[in-house]
Structures are given as C-alpha cells and as structure tokens.
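None of the figures in this text is laboratory data; all of them are computed from the coordinates on show. Note that the structure is a prediction, hence the values are computed from the model and not measured. With ideal geometry, Cβ positions are generated from the backbone for all residues, glycine too; neighbour counts draw on all protein chains shown.
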Amino acid sequence: MAADLTPLFGAVAATIAVVAGYFGLQNRRDREPWRALAARLDLRVGTGWRLDGTFKGWTVKIRSQGDGHEQTTTITVHAKYLLLRGVALSAEPSGLRGLFTEADPTVGDPEFDAQVRIEGVGSTAALAMLDHRARALLLPAVREGLTVTPNAVVFTGGRREVMVQRIPALLESMVVLVDALALDEAQIPARLARNATTDPLPAVRLANLRALLGDFEDHPATLEAARAILSDGPDEARMLAARRLGGEAVEACLALAADAANLHLRAAALDHALCHGTPAALADALDRFGAPSAPAALRAVVAHHAARTGLTSRVLALLQDPEGLPGDALAALVEAAAPLGTAAEPALLALVEHPAEPVRLALVERLRSLEGPEALAALRQLAGGLSPFSAVRRAAQAAVAAREATHGDKLGALSVAREDRGTLAMTEREP
C-alpha cells in the first residue's frame, strides 16, 4: 500500500510559506527606507531599486543594484544645457599642465586649478560656470566619484543602506552644481559679470572681467560690471574697467595715477586720463605729474601727451628739465618743439650729447631749422666723432651740407668763430 504523502507535502508547503513570508517581510523591511526616501524626495518608486522623477526642476534617476558588498548606487541628474563635457582630478602637477598638450581652462583659483581638469569647454564658458559656489561643490564631489557627461552629472556610491542616508544631501548638492554648470550660452555675459564683481578671490574676479571685456565688450552687463568695479575694486581691475568706460573713468584714473602701488599701472591710468579728459580738468594733473619731483614714468606720460597735443609751454618746461625722461619721450618732445623756434634752442643744445640715438636724431631735425651759429656748431658736433654707419651722423652731415650750400658752393664754406664778447658768429671761410 502506497504511503500517504499528504502530510509531508503539507509540511513542505508550510515551510515554503514561512520562508517566503520571512523573506517577504525582510524585503518589505529593506524597502521601507527606500520608500521613505522616495516620499521625502517626491520621486516615483519603480521596479527593483529604482527611483525616478523631478527634483527642484531637474530630471533625476536613482538606481541601486547588486548584493552584499557588490552593491552600487547611482544618482543621475540630467541637464539640457551642460556645456561642460568632462571633469576629472588632475594627474599631473599644476606647473606641468599645458607644457606638452593644450592647457585646460583655468579660473584663477589656485587650489581648484591645481586639482581639477576641465574638458570640452572654452575658458570663457568655464569661467562663467565655475563660480565660487560651483567650485566649492565640484572639487569634493569629484574626489568622491562624481562624473560629468555631455548631458548629466552622475554620482556613483556604494552600499544601498549607507547611500540611502546620504542621497538627500548629495542630491541637493548635485542640483546646485548642475544649476551652475547647465549654462545656456546666452547667459554667459551675465554670469561673467556676476563673477567679476562678487567672487571672493581677486584673481577669479580679474579673469572673469578680462573674459567679459574680451568677448562681450558692448554687452550691457559689461558696462554695468565695469562701473561697479571702477568704484570699488582692486587697482588692476579698476584699470581694465576704465578702458571700457573711457571718459567716465577720468577722475578714477587720476586717483589711480596718484595712489596705486604699481608704477606701471599708475602710468597707464594717467595716460588714460590724459587721453580722455578735458584741458580744464587736466591742468592740475599736468602740473603735478609733469613736475621734476614726479616719477620719471609719469613725467614720460605727460611728455608724450604734451608732444601729441601741441602743449608748447609744457613741452618747453619738460625740455628744460629732462632729468629721468626715457629716450622715446624726450625724442617726442624734441620733435614737438618746432613751434617754439629759438625759445627752445638752449634746451635743445643741452641734448647734443644725450646717449639715446632717437633723441639725437630728432635733435638734428630741429637744429637744421635754426639759423644761429650755436645750432650749426651743434650740428657739426653731431656730424663727427660717431660711427660712420650712424644714422645721426649721416643726418647731421646732410644738415651741415644744406646749411653751407646756402652760403657757398662747396662743403665746409662756413666756419663758426667766437667773437670778443664770447658769443658765436657764423662767417664764410677764406679760400
């Protein structure tokens, strides 16, 4: 007689039911934090370990897979205007970046630039995207595993039960980061202007201002930022802003010329003010910065301005006291002395032995227009004792020849003699 297996089957079924109930209960317990997370973030729970939806306006996908220690949890925030194509930790010392390959964009933040490589975007867009907030979020996120793709920011973490606790804060940071990185090109000027006026690092503000002026000089945001920086910014940035503002910046540039720490910047500011200011507004500046006690670099700016604009009284004053003026500025003054005639002659004669060739060459041109014997003596001095290949010597010889040709038929027909009272006189030589 066959044994009745019904009790056995019943026991097996009961065991299976108990086991299934246990695992079902365990699964529900495991999923409770997951469902609570979905409710907290207002996301939909999908099949498996999937959450989908929109978080603060951005499309979000959260996936978890694997078992035990092999679990991975991925958070993806999709973005429409993600100009950035990639971001990674730099594997080479910052001093070697760009030495053998094209340099990655930098933003002026030493710590960030040394550790992060930006890929797939030009320097202007990188500056616009990577404001202080974005840099503060991006650097630690990349260290922890954040990656950037052409249309999303992705964070890959570990075990699900650990990540469930971290996901809300991570997602908040990622959304803020994507909001900074998802940049429509039309937004770039406004972003640059904001960074140029608000970033806590002066080097970053300066880099944004340069990009703004270089690529969007006529944009309304550029004008607004330049005005803000001119009234309250570091000296170098104020000078850049002044160049955009032209005549609006005259008073600010005169202040820079007086007080800035960098002499080169002071000279640039003075030049800008002199080029854009009115004569009435500049009279005091010309006196102050053209005085013998002023730095030579500033006197040189005044000299070029006086020569360029025909301020003969200023030209004469500088010629009479040329101490410290560089050769190019002094040569410009000599060239501009033509309207002064003989009034400038003593100052010109004092420059005969000036070491700068451009000064002596300009001097020859001025002296040839003067008729006095002192001018001829100076020309003869310039025509001799120099290299035969000197442009000054050749020009002086031509000037002497032209002068003598008006008094005789042969070169050397004139001589310069000192009269009884010590003055020079020009006479024709006896044959």
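Okay, here's what the table says:
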item	result
Selection status of Leu209, assigned to a helix (DSSP H, G or I), touching a Leu at 6+ places or on another chain (Cβ under 6 Å), crowded, with 22+ Cβ neighbours inside 10 Å and without any contact (Cβ under 8 Å) to a residue 40 or more places away in the chain	yes
Index of the failed condition, Ile229 passing every other in (1) crowded, with 17+ Cβ neighbours inside 10 Å; (2) under 29 Å from Ala347 (Cα atoms); (3) touching a Lys or Arg at 6+ places or on another chain (Cβ under 9 Å)	(2)
So Leu286, is it under 27 Å from the mean Cα position of the chain (by Cα), surrounded by 15 or more Cβ atoms within 10 Å (Cβ to Cβ) and either part of a loop (DSSP other than H, G, I, E, B) or touching a residue at least 12 places away in the same chain (Cβ under 8 Å) (or both)	no
Scope segment 118-177; condition small (Gly, Ala, Ser) and within 34 Å of the chain's Cα centre (by Cα); matching residues	Gly120, Gly122, Ser123, Ala125, Ala126, Ala128, Ala134, Ala136, Ala141, Gly145, Ala152, Ser173
Residue match in segment 175-191 (condition: touching a helix residue (DSSP H, G or I) at 6+ places or on another chain (Cβ under 7 Å), buried (at least 20 other Cβ atoms within 10 Å of the Cβ), among the β-branched types (Val, Ile, Thr) and part of a helix (DSSP H, G or I))	yes
Yes/no for Ala241 being buried (at least 22 other Cβ atoms within 10 Å of the Cβ) and in contact with a helix residue (DSSP H, G or I) (Cβ under 7 Å, 6 or more places away or on another chain)	yes
Segment 308-327, residues that are surrounded by fewer than 22 Cβ atoms within 10 Å (Cβ to Cβ) and under 22 Å from His276 (Cα atoms)	Arg308, Thr309, Gly310, Leu311, Thr312, Ser313, Arg314
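Rundown of residues vs (1) surrounded by fewer than 19 Cβ atoms within 10 Å (Cβ to Cβ); (2) within 30 Å of Asp271 (Cβ to Cβ); (3) touching a residue at least 60 places away in the same chain (Cβ under 8 Å), yes/no style:
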| position | (1), (2), (3) |
| --- | --- |
| Ala336 | no, yes, no |
| Leu367 | no, yes, no |
| Gly372 | yes, no, no |
| Leu376 | no, no, no |
| Leu382 | no, no, no |
